[in-house]
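These notes are about the structure you will find just below.
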Amino acid sequence: MREIPVRDPPAGEWPAGELESPGCCPVCGGSMRERLHDDARDRIFFCAPGRWTLWRCAECRSAYLDPRPAASAIGRAYRGYYTHEKVPSGSPGGPWCFLQQAVINDWLRAHYRVRRHPWLPLGRFLLVFLPRYHRSVGQWARHLPRPGPDSVCLDIGCGRGDFFEVAQACGWRVQGLEPDPVAAGIARGRGVRVHTGGLPATGLEPDAYEAVTLNHVLEHVHDPGRAVREAWRLLRPGGILWIATPNLGALGYRRFGVHWRGLEPPRHLVLFHPASLTDLLRRAGFDPVVGMPASLKPLRNFASSHRIASGQDPNDEAIPVPWRIRLAAFIAALGAWLRPAWGEELIFIAQKPRLDPNQKETGPGDIQAEGHEESRTQPGEEPNRVSCARTEPAEDETERD
């Protein structure tokens, strides 16, 4: 019988001098909140010490860490992150992989007018009968529109540059932005221009990109409001912002709770509900804001979450997945197909409005709520459901699910 490995996060606590409190909800500035979890730990990459408290905003239903690592010290949580790994050489072989690539290449010909081999004529029509794969290929291309001859896409938080080949296959010129110098160096090895930096102060030229993508980035930033305003600034009028982020309304979170793979403390500082992310984007000036159906493949998240709950290494795919977890993942996929708001992640496309020739361009809306200022206060103990202003809620206030 195979021995199942059991791992624990580093012993000890996060240094108290490197902690901060956001004050109030980083998404909407709301002051009322309730405690979700007290003992969230890094059971994903096993490199960040400490136990973390996750709160849910009673106003927008987003969740956030308080206390959280300060921006100047957050790098400690990424010392063993996957973006430090070298890009695997070669590609998977076998007839099934060959057929998948041939179908995807036909889909690329139909949507982006690019020619790649291997190619299966009319293979794209097979995806109509395979909704799971049809959603996957759309997400793989990040639902980008067909680019113009000089259209540039900026991938913020590009990591080691895994998306570059996809964007180029779709006909886009692509650049990257990455705060981690190790990951940025790996990404530059792919021959693409990669800027060193991150959100919200990118230092890049305004109105320079037709598309900006943030693939599981927004949950890592300390101030998501400033982050989306910066994306608005970088986009040309009519440009699109594509965002993917874990979904706090996912069926996976409802099942696994503090062991859900999407929590990933302390790297994930904020987690969104569909309505809170929509409102954040609209207040930043984006219109329209459209939710896209996510991939119907929750098994990987369910398997990782089960391993976390069992004290195992969630990244060890050699550990067998029990049939009950596979069945639960299948039911979750069916639920997400019927109702995308139950999927494991949120995917949104938001457009920066085109300029009216009779009007001047306006700036993004004010996301920062009154009184919501950056805080550097040290955390203190609070009751389970409290106001950030240290006032108790009214007696007739009902608890939100």
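A short reminder: the numbers here are calculations on the coordinates, not readings from a lab. What you see is a predicted model; the values in this text were computed from it and never measured.
Fully extended, how many nm does the chain gain between ALA16 and VAL114 (0.36 nm per residue separation, minus their Cα-Cα distance)? Numbers along the way, then the final one.
Values: separation 98, 0.36 × 98 = 35.28 nm, distance 5.32 nm.
Length gained, ALA16 through VAL114: 30.0 nm.
Could you give each residue of region 160-167 its phi-based ³J(HN,Hα) in whole Hz, using Karplus coefficients 6.51, -1.76, 1.60 with θ = phi - 60°, and x for Gly or Pro?
Those phi angles translate into 8, x, 4, 7, 4, 4, 5, 4 Hz.
Of the beta bridges DSSP finds with both residues in region 150-351, what % are antiparallel, to the nearest 5? Please list the in-between numbers first.
On the way: 11 of 29 bridges.
Beta bridges within region 150-351, antiparallel portion: roughly 40 percent.
If amide H atoms are built 1.01 Å from N in the plane of the peptide, which residues on other chains or at least 5 residues away come under 5 Å of the amide H of GLU345?
Here ASN247 satisfy the definition.
May I ask you to give the average projected area over all directions of the convex hull of the Cα atoms of region 150-351, in nm² rounded to one decimal?
Working: hull surface 47.0 nm².
Spelled out: convex hull of the Cα atoms, projected over all directions, averaged, 11.8 nm².
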